[in-house]
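Here the structure comes first, spelled out in structure tokens, and everything after it is commentary.
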């Protein structure tokens, strides 16, 4: 009986992984630099499935709500930013996490409302982690070669600070499954997300690769 319960739980976990979803925003600089096809291609080639997509110019209010869906975002982001400065031997603009985050949020609102944004929902096993890995770290300067930000952006925190603006890094990608679950409904109605099958899913998820020789 215990064996059957464990087996059932494993099946539930696998089903959950296959259906994991994450939010991606191609920011105004990504669209202006004609990198939309390249960005989509990288995610598709990894095996992820696009289940929702639309273009819009987000309002400042919508952007602020996006970044503050998590009530701890202001404090945590400020603390991480200060720690990041100190790790690189630089002096933070302020030692107050909330003051730091207020500046960041102001820059993000100006950045994301400057032009069209493409909002997308991608689905597949480990979708959040895969997208984050392919996209690269938040700061393009420190992103690895081979990632989208590492290959296509030359911006840095230092330059953004000098110019008093947000880092231009092409993409927003949900940082965790929990974050994605908050962000996706903020950008999409459930009816805008399409359930459909693609052939490659049998290669990724079918246990016995049934049907290849049919």
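Taken together, the values in this text are just the output of simple stated rules run on the coordinates, not laboratory data. All values derive from a computational prediction rather than experimental measurement. When we count neighbours, we look across all protein chains shown, and the Cβ atoms used for this are built from the backbone with ideal geometry, even at glycine.
Some observations on this one:
- Zero-based 5 Å bins, Cα pair distances in the chain, whole percents: 1, 6, 13, 17, 19, 15, 11, 7, 5, 3, 2, 1, 0
- 186, 62 arranged by Cβ crowding within 10 Å, fewest neighbours leading: 186, 62
- Nearest-ten-degree value, helix 73-87 long axis tilted from longest Cα axis of the chain: 70
- Every pair of different Cα atoms in the stretch 140-214 enters the Kirkwood calculation, which places the hydrodynamic radius at 16.5 Å.
- Angle in degrees between helix 2-18 and the longest Cα principal axis of the chain, rounded to the nearest 10: 50
- Computed [θ] at 222 nm, deg cm²/dmol, the chain (DSSP H ≥ 4; -39,500 (n - 2.57); rounded to nearest 500): -15000 deg cm²/dmol
- For the stretch 17-204, the share of DSSP beta bridges that are antiparallel, to the nearest 5, is 95%.
- Computed over the chain, relative contact order equals 32 percent, with contacts defined as Cα pairs under 8 Å that lie 6+ residues apart.
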